[in-house]
Structures are given as C-alpha cells and as structure tokens.
Amino acid sequence: MATLIAPTDHSPQEDAEALRKAVKGWGTNEKGIIAILAHRNAYQRQQIREAYHQLYQEDLLKRLESELSGHFEKAVYRWILEPADREAVLCNVALKKHKNVDYNVIVEIASVHSPEELLVVRRAYHSRYKASLEEDVAAYTSGHLRQLLVGLVSSFRYGGDEINAKMAQSEAEILHDAIKNNKANYEEAIRILTTRSKTQLVATFNRYRDLHGTSITKKLLDEASDDFSKALHTAIRCINDPHKYYEKALRNGIKRIGSDHEDAVTRVVVTRTERDLKDIKELYYKRNSVHLEHAIAKEYSGCESSRGDAAGKALYVGDLNNHVRG
C-alpha cells in the first residue's frame, strides 16, 4: 500500500513559483522545498517540472542539483524523476561506482518489478544512456555473476499463479547443489532464477525448506562467500518476500551496516513511497518496536552540522510522518 497522500487541488504554476522563491537569492529554503515536493505524487511532480520550465526557461531538476547537496540533493533528485527514469539512474549509478559494482541494487530492481515494469525501466535506461541495461551490466561484470545479472535484467517472466509441484521438488535440489558450491550447477541455478514465474519460485523455495529443514536464504548466508552466491541470496529474498527484504535494507541502512548504507534509506523511501511503504513501515515496527520515521530522525540527528544531511533527514521524516497516516 502506498503512503503518499497528495492534494487534489494543487496548482503546478503556484508550486513552481514557490520553488523558484525557495532556490532564488542567498541560501536555499529547504523547508519550502520539502513542504511542496514531499506532498506531490509522480504525475504532479512532472507537472511542476513542466510548469517551472515554461515559467523560467530552465530545468527545475538541474536548478535543484546546483542549489542542494548531500543526502538531501540525492533524495530530491531521485524523487522528482519519473519512476522508471529513477530506476534507470539507480542502475547506472550502481554499475559505475568507483570501487565495485553494487550488484544488490541491480538484483533488487530486476527481481522486485513485474515483467512489464522492468521492460519500462529498460526502455528508460536505453533512452537516457544510449545503451541497453543488459549491455552495461555485461560490461561491468564477469563470470557467473554476469550471467545471473544479465539474465535477471532481461527476464520477462510468466505472471500466472500456476504451480508445478514436481518441478518445485527437482529445482529445489538443483539450487541445493548450487549452494554447496557445485559450480557445475551454477548455470542451472541461473536458469531457474531468471526464467521461472515468481509463484513457481516461491513454491520451489518452500519445497527447499521442507526438504532440508532450513530456508534457502539461511543456507546461502551460512555458505555463500563469492559475489555470485551473495547476488543469488539477494534475488531469492526479493522474489520470496520483497517487504522483508526492504525492511532489512532500511534497518541496515539506519544502522549504517553494509557498503551501500548511505544510499539504502534514500533508495527505499523514495522508490516505495508510492507503492508499498505502508506495509514496509508496519513490518519495520513489528521487527524493531520503533516507528520507521522515529528511527530515521534519531539516526540522522547527528548530522545537523551538515545542511544537506540535516535536510535529507527532514525530507525522509517529512515523507514518512507528515503524510503517511492514511
């Protein structure tokens, strides 16, 4: 369930004028930016961007980029983009990180979206970067990890609810062999994860638990050591229960665990607010006995010396707290 409750009577022109005032002159009125943008849905944000360009002959996004910094700039930039364009940007940033490819973001986007949604993201990537997502994934990875990632981003899964119990049994065993580091079965594991419907895969994961007395994700955590196994773990978690995956991503991000903790909170809040953030918030509270907005406010309270980080915290909390009570 989405959490964003946008006004029905907003004026794109008035919003554009208010944003112009917020970025014009000495200093930037970050609270004014939050008051508008954190309360507009994707369609309304595009209307504001168009109105701003018509009124001032400049791109609102570029103007905000030049005026803002830190987590706040990153959150605002991604929030204003259309959803598919945002996902394309996230993929590109993940691929071209200075040290290592952040394959978890690629796996997340490819595994959580429906086939139709993923196709739209691939088209947006092609339009923005003049290259296919598959092409760039292949260029920045290698070996079995490359095969898995390319297979995931190019997949167009069947979306039906039918389950083949016999197939679930046999493929649960194939995955078990792959987890035991039997590289001869890696390609079969890739075939299963990138071609089967999500319903069939969930049945396979459940059958794995029945056969081996533990979840496939726990087994991967116990035995995974290479990037391929870790990416396989992420794909299975995203397919099996995306809400649990996002809850843990938020928890780790807030606790600053993992290589991408700085981006995790921004990514999850921005990408899920108009989709299922309410469900993720409820799960977060059940797991941690604290409301997500309170956890974010507490963790980022130490960032007040940086205007960008402080405003980033305000955007998160404003997004979570001011309009998610529906």
Completion exercise
So the angle from the long Cα axis of helix 143-153 to the longest Cα principal axis of the chain, reported in degrees to the nearest 10, equals 60
Problem - Per-residue [θ]222 nm for the chain (sum of -39500 (n - 2.57) over DSSP H runs n ≥ 4, rounded to 500) - result: -21500 deg cm²/dmol
Exercise for the section: With a probe of 1.4 Å, find how much accessible area the chain has per residue, and write the answer as a whole number in Å². Expected result: 47
Completion exercise
Label model pair residue 297, residue 114: point-to-point distance (7 angstrom along the Cα→beta-carbon line) in nm is 3.6
Fill in the blank from the handout: With 0.36 nm assigned to each residue of separation and the Cα-Cα distance removed, residue 241 to residue 29 gains 72.4 nm
Problem - Within the accessible area of the range 1-82 (1.4 Å probe), percent carbon and sulfur - result: 48
Practice task
Pop out the ³J(HN,Hα) list for the range 81-90 in order, Karplus 6.51 cos²θ - 1.76 cosθ + 1.60 with θ = phi - 60°, rounded to Hz; leave Gly and Pro as x.
Solution key: 4, 4, x, 5, 5, 4, 5, 4, 5, 4
Handout entry: For the range 268-284, Karplus couplings with θ = phi - 60° (6.51, -1.76, 1.60), whole Hz, Gly/Pro x
Key = 5, 4, 5, 7, 9, 4, 8, 10, 9, 5, 4, 5, 5, 4, 5, 5, 4
Handout entry: Net lengthening on full extension, residue 188/residue 56 (0.36 nm per residue, minus Cα-Cα)
Key = 42.0 nm
Problem - Fraction of accessible area attributable to carbon and sulfur, the range 95-161 (%, probe 1.4 Å) - result: 51
Exercise for the section: Report, by chain and number, residues whose modeled amide H sits under 5 Å from the one on residue 163, excluding near sequence neighbours (fewer than 5 apart, same chain). Expected result: none
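The values are calculated or read from the model by the stated rules, or taken from the named source; none is laboratory data. Worth saying up front: this structure is predicted, and the values here are computed from it rather than measured. FYI the Cβ positions are ideal-geometry reconstructions off the backbone, even for glycines, and counts take in every protein chain you see. Accessible surface areas use protein heavy atoms only, side chains included; no ligands, DNA or RNA. Shrake-Rupley method; radii C 1.70, N 1.55, O 1.52, S 1.80 Å.
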